[in-house]
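Here is the structure we will look at.
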Amino acid sequence: MQIDFSIKKVVRVRAIEFAEKHSSLSQEKKFYVYVLTDALVDDCSIRGINNLVGEPFYVGKGVRGRWERHITEALNGHTRGLRNKAKVKRIRNIMEQMVMPQVETLGPMTEAHALAWEEALIREIGRRNKRRGPLLNLTDGGIGHKGYKRSKRNRRKLSKGQLKRTPEQIEESSRKRKATNLAKYGVEFAKQIRR
């Protein structure tokens, strides 16, 4: 996979921002960014990115065999409990044609660089749910669930659930979420959440 210089420049700046904001990010160069592609679809003209085999449908960040978990989810045979059902269905459709999804990787790199690359690639290729490209990603990448869009049905369901909770239950849930974020991302991230 070949990537234009302009994208690389944006990634460098964003990686520095991630590293400064989130001191708990790993500095080890063990992370990578992967692009899952569908080799059954020939048309792949994405500005700034060359030499991809097939149409990209998912971009992620991981260590070790992270991308393989997507294949495992598809092989398990059910989508109940999975957030990204469209991605799993796409992988199943590819595998039904006796082909495996292709995987292009960038790395190894630090976690901050991997987050920045993931975010840049998703932005450049474009998400299907935003009508900007073929990706089935539910978020814009980077840390957290930035850009995740819930369906109207899901929002109504969550709203009804909130109405049933007492103020004490809501407070307890908020306290647990803050503690989890603090443990996972560090003090600086927790301060940003409070703002």
Any idea how far apart residue 168 and residue 75 come out in nm if each label point goes 7 Å out from Cα toward Cβ?
4.8 nm
Can you list residues whose amide H is under 5 Å from residue 58's amide H, if they're 5+ apart or on another chain and H is modeled 1.01 Å from N?
36, 136
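If you place +1 on the Cβ of every Lys and Arg and -1 on the Cβ of every Asp and Glu, how big does the dipole about the Cα centre of segment 2-130 come out, in debye to the nearest 20?
Details: 23 positive and 16 negative charges, 101 e Å.
Here segment 2-130 has a charge dipole of around 480 debye.
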Place the peptides 154-164, 116-126, 84-94, 98-108 in order of packing, highest mean first, counting for every residue the other Cβ atoms within 10 Å and averaging per peptide.
116-126, 84-94, 98-108, 154-164
What are the ³J(HN,Hα) values, in whole Hz, obtained from phi via the Karplus relation 6.51 cos²θ - 1.76 cosθ + 1.60 with θ = phi - 60°, for each residue of segment 87-95 in sequence order, with x given for Gly and Pro?
5, 5, 5, 5, 4, 4, 4, 5, 5
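Here, each number is a calculation from the coordinates, and none is a lab measurement. These numbers come from a predicted model, not from an experiment. Virtual Cβ from ideal backbone geometry, glycine too; neighbours counted across all protein chains shown.
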